[in-house]
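Asks: What follows is a structure written as structure tokens; I'll ask about it next.
The values are calculated or read from the model by the stated rules, or taken from the named source; none is laboratory data. Quantities reported herein were computed from a predicted structural model and do not represent experimental measurements. For neighbour counting, all protein chains shown are included, and Cβ atoms are generated from backbone atoms with ideal geometry for every residue, glycine included. For accessibility, only protein heavy atoms count, side chains too; no ligands or nucleic acids. Shrake-Rupley method; radii C 1.70, N 1.55, O 1.52, S 1.80 Å.
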Amino acid sequence: PARYFDTKTTEPISFFLSGLEELLAWQPNSNDDFNVSAVPLAKRQPPLHSRRPRTLVCHDMRGGYLEDRFIQGSATRNPYVFYHWRYIDIFVYFSHHTVTIPPVVWTNAAHRNSVAVLGTFITEWTDGEKLCEAFLAGGEEAYGAVAEQLARIAQHYRFDGWLVNIENTLSAAAVGNLPLFLRDLTARVHSAVPGGLVIWYDSVLKDGALKWQNELNDQNRMFFDACDGLFTNYNWKEEQLQRTHRLAGPRQNDVYVGVDVFARGDVIGGGFNTDKSLRLIRQYGLSAAIFAPGWVYEHLGKENFLQNENRFWGSLAEYLPTHSICTLPLTTSFSLGMGTSTFLDGKDEESGPWYDLSAQDIQPLYPEHQGRLSTSCCLQDAWCGGSSLQLQGTIPPGEERVAVRLFSLQMPAPPKIFLTLLYKLEGPQPDDFTVALEVTTWDSETCFEGYPTSLPEPNGRHHPRFLPAPPPGLAKLLAACHRGSHGWTSRCYELELQDCSLRDLSVIVSRQQPSPQETSFTCLLGEVRVLDTASVAASPPQVHSVTASQLWWQ
């Protein structure tokens, strides 16, 4: 069927639903298995629902379902990717189809990086009025059936909820039932999807008129009260943020103030001035909804996209609270889910462009310190996948080392952890530097390294013990300890901790010799792993009753 398989290539594709009939007729079937997300939403700290300002990204690009619709990837050159997941909390896939089911590649990438994914339910223009009249004015049975289907779709494809966007006027009967529909949908999503969310877009008012308010007020409050949040329109001024903050009270984090990166209409900020909008929004303790950050790709072009993307998100970083990883194992090759080649064990196995967001790895923080350090993605060389993480910086005169924070962590430290690192030093004198991992722990009277006789480390910094060879029993898994090849250096470490809580994982680049001069370095990171020794040593659970379907031999 053309809905599920591309007519040219027969490959499985992601799809949307058009109109009320398609929505109400939807049933899971064996052709849509490819569209079910294979990656559960990773746990994070602090949890999404904790009380702090959040960041939502609304992805709207040329109508949606572009090359990202190919579930098993495509040979796309210079595709759009998003990878600053540590800085955002919710990802909305937006299109103008009635029911936008997020392409599963996006759900997989976001979930791996602890970010919730919402689809979009939209009605607009005259067709939208008719559609709303049919299901909202029809009463409880009619709107209940729509709510039930939307909740079932999110549950079946394993994404996390809906943005509801009613962009047309409503009759008195329809608008009277709208808060009841939102309550019903929200309750059903919460019960069908753990941690699920329903967010309302600031559009129609309590009298059914279509009039964007750019704030939370008495005209739209009954919709906010009926669901998990409000996404405001983009043309706000500071006094509207003040009023919203006052009216939202304890729910101020549930108001996502819209920021259009394309800066259409009368807005504050946008483009490389988006930080101006965010600064104001955060002053009032409100959440932010960044609309169409694909501006970087669409407006500035595909060629220097990765540099421009790092510059854009780097300019916002101080206004974006990050979330921490709270489970082990942590393992990543930093792949973006795209490349100009495919690398395996440091070797370029296959030249040619590829794009598959499901293959994107866990992404690190991307720290920038003006002039001192930049973190970027390198497509020219990688250990595994399509890219490595490039660290470029300078060690100032008189200083020995520079620390690059890759991940923030928040979890109790297992008694013993293994760490592995693969790196490559570039530049004229690579032998002038050493590269190592550093783990920091949260301050605590009880936290000790190794044995209780050792002293607590100053400011919780631990330098894991270098292992020349992997311990017996783990040799197979940790072959990495001496598998560096194609110019990559491999390192294995062990760290024993007692009653500690992990805080950060950093890479330390040090000079071999002290120097009065500033020294520049370039280092590629190919892979980092942090493993809990006990769980690695345990034998994995047996897998039973494997079945295969949808096989196509060529």
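Asks: Apply the Karplus parameterisation 6.51 cos²θ - 1.76 cosθ + 1.60, with θ equal to phi minus 60°, to every residue of region 338-354 and state each ³J(HN,Hα) to the nearest whole Hz, in sequence, with x for glycine and proline.
Replies: Values, residue by residue: 7, x, 9, 8, 10, 10, 9, 6, x, 9, 6, 7, 8, 7, x, x, 8 Hz.
Asks: Which three semi-axes in whole Å describe the equivalent ellipsoid of region 330-537, each the square root of 5 times a Cα gyration tensor eigenvalue, listed largest first?
Replies: 27, 22, 16
Asks: Further question: Would you compute, for the Cα atoms of region 238-358, the largest minus smallest coordinate along each principal axis and list the three values in descending order, in whole Å?
Replies: 58, 38, 20
Asks: How tilted is helix 125-135 with respect to the longest principal axis of the chain? Cα atoms for both, answer in degrees (0 to 90, nearest 10).
Replies: Helix 125-135 and the main axis of the chain meet at about 80 degrees.
Asks: Using a simple spin-label model with points 7 Å from Cα along the Cα→Cβ vector, what separation in nm is obtained for S171 and K43?
Replies: 5.0
Asks: Residues with beta-carbon under 14 Å from that of D260, excluding D260: net charge, scoring Lys, Arg +1 and Asp, Glu -1?
Replies: -2
Asks: Quick check: residue separation of S545 and R264 times 0.36 nm, minus the Cα distance between them. What number comes out in nm?
Replies: Full-extension gain reported as 95.7 nm.
Asks: If you don't mind, there's one more thing I want to ask. Taking every pair of alpha-carbon atoms in region 107-209, what share in percent sits in each 10 Å bin, from 0 to the bin with the longest distance?
Replies: It works out to 16, 47, 28, 9, 0, in whole percents.
Asks: Normalised radius of gyration for the chain, please: alpha carbon Rg relative to 2.2 N^0.38 Å, two decimal places.
Replies: Output field value: 1.03.
Asks: Run the paramagnetic zone check for S50: 7 angstrom along Cα to Cβ, then residues of region 71-91 with backbone nitrogen under 16 Å.
Replies: Once the point is set 7 Å along Cα→Cβ of S50, 86-90 turn out to lie under 16 Å by backbone N, inside region 71-91.
Asks: By how many degrees, 0 to 90 and rounded to 10, does the Cα axis of helix 140-157 deviate from the longest principal axis of the chain?
Replies: Result, in degrees: 20.
Asks: In the neighborhood of Y80, defined by Cβ-to-Cβ distances under 15 Å, what is the net charge if each Lys or Arg adds +1 and each Asp or Glu adds -1?
Replies: Every neighbour counted, the sum reads -3.
Asks: Let me ask something else about it. Extending each Cα 7 Å along its Cβ direction at T322 and E298, get the distance between those two points in nm, one decimal.
Replies: Result: 2.9 nm between the two label points.
Asks: Based on DSSP H runs of at least 4 residues, each adding -39500 (n - 2.57), what is the mean residue ellipticity at 222 nm of the chain after dividing by all its residues, to the nearest 500 deg cm²/dmol?
Replies: -6000 deg cm²/dmol
Asks: Are any of the pairs K130/K211; K237/K302; K206/K237; K347/K424; K43/K416 more than 24 Å apart by Cα-Cα distance, and if so, which?
Replies: Beyond 24 Å between Cα atoms: K237/K302.
Asks: Let me ask something else about it. How large is the accessible surface per residue of region 275-323, computed with a 1.4 Å probe and reported in Å² as a whole number?
Replies: Counting only protein heavy atoms, the per-residue value for region 275-323 is 38 Å².
Asks: Volume per residue, Å³, of the convex hull around the alpha-carbon atoms of region 372-433?
Replies: It comes to 157 Å³ per residue, whole-number rounded.
Asks: Leaving out ligands and nucleic acids, and using a 1.4 Å probe, what accessible area per residue does region 330-537 come to in Å²?
Replies: Per residue, region 330-537 has an accessible area of 44 Å².
Asks: Once you keep just the Cα pairs under 8 angstrom separated by 6 or more residues, what percentage relative contact order results for region 330-537?
Replies: RCO, region 330-537: 32 percent.
Asks: Can you pull a Stokes-Einstein diffusion coefficient for region 329-401 at 4 °C (1.567 mPa s), Rh from Kirkwood over Cα pairs, as a whole number of µm²/s?
Replies: Answer from the Stokes-Einstein relation: 97 µm²/s.
Asks: Report, in cubic angstrom per residue, the convex hull volume of the C-alpha atoms of region 240-291.
Replies: Cα convex hull per residue, to the nearest whole number: 61 Å³.
Asks: Put S324, S485 in order of accessible area, largest first, 1.4 Å probe: what do you get?
Replies: From most exposed to least exposed: S485, S324.
Asks: Using amide H atoms built 1.01 Å from N in the peptide plane, name the residues 5+ places from F433, or on other chains, whose amide H lies under 5 Å from its own.
Replies: HN-HN under 5 Å from F433: Q512.
Asks: How far, in degrees from 0 to 90, does helix 305-316 lean away from the longest principal axis of the Cα atoms of the chain, to the nearest 10?
Replies: Helix 305-316 sits roughly 80 degrees off the main axis of the chain.
Asks: Now, a different point. Could you please state how large a percent of the accessible area of the chain is carbon and sulfur, counting protein chains only and using a 1.4 Å probe?
Replies: 52
Asks: What percent does the relative contact order of the chain come to when contacts are Cα pairs within less than 8 Å and at least six residues apart?
Replies: 13
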